[in-house]
């Protein structure tokens, strides 16, 4: 994959579903910080071709994101298969995301703590978009 997944393109969404790793920036169109971060976030795709990168406007996709109250932007979500490996606000500096991805992609096993539950699932969003 060479660009952000176009959530309006069923073929791109289907391709993303086949990736082990999904990396999403959960944002809002009105957020100036998110708009400024967009190109830097998108550029990470070239460094991590084994992952699909998604730009998710939580207001456009409120049917998916409403179960979680996302108050701070940008919020990054990193999912390996069905396991959420990271979900949290991250300063909009490419180096922070790069180090986080390098750590997670080189780690073994599931990084979630036992009993931890996250109400969001990027694969569910992709399946909804695929129709």
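Checked against (1) crowded, with 18+ Cβ neighbours inside 10 Å; (2) touching a helix residue (DSSP H, G or I) at 6+ places or on another chain (Cβ under 7 Å); (3) free of Cβ contacts under 8 Å to residues at least 60 places away in the same chain; (4) part of a loop (DSSP other than H, G, I, E, B), residue 77 meets all criteria but (4). Scan 92, 114, 119 and give me the residue that is surrounded by 11 or more Cβ atoms within 10 Å (Cβ to Cβ) and either part of a helix (DSSP H, G or I) or at pLDDT below 90 (or both). Exactly one residue qualifies, and that residue is 119.
This table checks each residue for (1) touching a residue at least 60 places away in the same chain (Cβ under 8 Å); (2) touching a helix residue (DSSP H, G or I) at 6+ places or on another chain (Cβ under 6 Å); (3) assigned to a loop (DSSP other than H, G, I, E, B).
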{"residue": "13", "(1), (2), (3)": "yes, yes, no"}
{"residue": "19", "(1), (2), (3)": "no, no, yes"}
{"residue": "25", "(1), (2), (3)": "no, yes, no"}
{"residue": "33", "(1), (2), (3)": "no, no, no"}
{"residue": "36", "(1), (2), (3)": "no, no, no"}
{"residue": "41", "(1), (2), (3)": "no, no, no"}
{"residue": "68", "(1), (2), (3)": "no, no, yes"}
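Condition test on residue 53, is it under 25 Å from residue 18 (Cβ atoms), at pLDDT 90 or above, touching a strand residue (DSSP E or B) at 6+ places or on another chain (Cβ under 9 Å) and in a strand (DSSP E or B)? The answer is yes for residue 53.
Residue-wise test of (1) surrounded by fewer than 17 Cβ atoms within 10 Å (Cβ to Cβ); (2) within 21 Å of residue 127 (Cα to Cα).
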{"residue": "11", "(1), (2)": "yes, yes"}
{"residue": "42", "(1), (2)": "yes, no"}
{"residue": "51", "(1), (2)": "no, yes"}
{"residue": "56", "(1), (2)": "no, yes"}
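The values are calculated or read from the model by the stated rules, or taken from the named source; none is laboratory data. Please read all numbers here as calculations on a predicted model, not as lab measurements. Don't worry about glycine lacking a Cβ; one is built from the backbone with ideal geometry, like all the others, and counts go over all protein chains shown.
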